[in-house]
Every structure is written in structure tokens, then in C-alpha cells.
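Student: One structure coming up, written as C-alpha cells, with questions to follow.
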Amino acid sequence: MAPTYVQAMALYNRLEPRTMEQKYTAVEKLLGVDIRNKNLNDTLSIDDLPPIDDSIWSITHTQLLRRYITDNTPTITEVLNRPEIISNGHWVIVGTAQMAIDSICEYWDMGVMDGIVLAPKGADDDLDAGHSLDIFFDDVLPALVARGIFPSAYAGDTFFDRMCNDGGIK
């Protein structure tokens, strides 16, 4: 995460570079369409895609990407920078605190998320990083607590109490 989407994408691309060919291959595996000859500013609609077949790489990521395309008619650049394309099968949020909040809430509301794993990129002294952990703990986490997605307190004094002895999340 970074203060702006442009900073977040620049940071991500610097620290987790994926070649354009790798991105095009991921699109082909997930959507069954070769977009290499399209202009990066061209849009992609659901009408440009073949029906889903048994040879796709990941049905979950395919459905997420197809829904995004249906709802947004994105540019090729936007598709190539989607989490389904830039990661190795794991959901990745690259953006601002508000983008993270919106994305986490959307997945939570759909019932397809049961936790969060933080893997912030950038060192503490890396100004481009926007101090990803600070952004998460200062901005994202309080919003998730307010929405009831993340607990504000736990019952029990030990991890065992919290997980095994009717402690549970308050």
C-alpha cells in the first residue's frame, strides 16, 4: 500500500516485477483469450471472451476476473494489472488504504474471505513504500474493526483460550 495508486503500482512493479509476457500468459490461462495484439488502451468486454471451459487454470480467479470485466469494461492495462494476473494465484491488493478497505469489505460481504495475510513490500526507510504496515494499522484496520470484519477484542488471556476454550471472538 502507498498513499496513491500510482505510487503503489510503481512500488509493486519494482519489488514484484512480472514481465508483460508473463501477464499475457496469465490472461490467456484464465480467460482463454490472447490479448497480445491489442492496444493497451483498448477495452475488454465480456463479449470479447470465449465461454469458460475445462482447460482454464483457476475457476475462482477466472470468475473474479470475468466479473470485474463485466462490471467495468476495463482497458487492457487495467486487466494486466489485476491481482488475478499479477500474483501467483493469491489475492493481492495493490493500492491505497481506501482501495484495500473497499476490496476487503467486498470479499468479506461475498463470503469468500476468512482472513488476511499481510505481506507488505518495501523497507521502512523506503519512501516509495508509504510505510505499508503503518498505512494498514493506522487506516485499514480501524475501518475493518468499525465494519465488524476484524475483532476489536478477544476473550481469554492466552492463544489457547482464544481458540479452544469458548473464548472466541467478541
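The values are calculated or read from the model by the stated rules, or taken from the named source; none is laboratory data. Keep in mind that what you see is a predicted model, and the values were worked out from it rather than measured. Every residue, glycine as well, gets a Cβ built from its backbone with ideal geometry; the counts of neighbours run over all protein chains shown.
Student: Examine region 2-25 for a residue that is touching a residue at least 24 places away in the same chain (Cβ under 8 Å), out of contact with any strand residue (DSSP E or B) (no Cβ under 8 Å at 6 or more places or on another chain), farther than 24 Å from A119 by Cβ and not charged (D, E, K, R), and state whether such a residue exists. Explain how you work it out, then say what you get.
Tutor: Within region 2-25, the subset touching a residue at least 24 places away in the same chain (Cβ under 8 Å) is 2-5, 7-12, 14-16, 18, 20, 23-24.
Retained after the next criterion (residues that are out of contact with any strand residue (DSSP E or B) (no Cβ under 8 Å at 6 or more places or on another chain)): 2-5, 7-12, 14-16, 18, 20, 23-24.
Narrowing the set further to residues that are farther than 24 Å from A119 by Cβ leaves 24.
Next, only the ones that are not charged (D, E, K, R) stay: 24.
Yes, that holds for at least one residue.
Student: For region 31-88, name all the residues that are farther than 26 Å from V6 by Cβ and among the acidic types (D, E).
Tutor: Hits for region 31-88 are D34, D47, D48, D53, D54.
Student: Take T73 and tell me if it is more than 27 Å from P151 (Cα to Cα) and in contact with a strand residue (DSSP E or B) (Cβ under 6 Å, 6 or more places away or on another chain). So that I can check it myself, show each step before the final result.
Tutor: Values: more than 27 Å from P151 (Cα to Cα): yes; in contact with a strand residue (DSSP E or B) (Cβ under 6 Å, 6 or more places away or on another chain): yes.
Spelling it out, T73 is indeed more than 27 Å from P151 (Cα to Cα) and in contact with a strand residue (DSSP E or B) (Cβ under 6 Å, 6 or more places away or on another chain).
Student: Then there's this: Here are some conditions: (1) surrounded by fewer than 18 Cβ atoms within 10 Å (Cβ to Cβ); (2) under 14 Å from the mean Cα position of the chain (by Cα); (3) modelled with pLDDT of 90 or more; (4) not acidic (D, E). Y107 meets all but one. Which one does it not meet?
Tutor: That leaves (3) as the condition not met.
Student: Of all residues being closer than 16 Å to I86 by Cα and in a loop (DSSP other than H, G, I, E, B) in region 41-69, which is modelled with the highest pLDDT? Just the residue, please.
Tutor: Top of the filtered list is S58.
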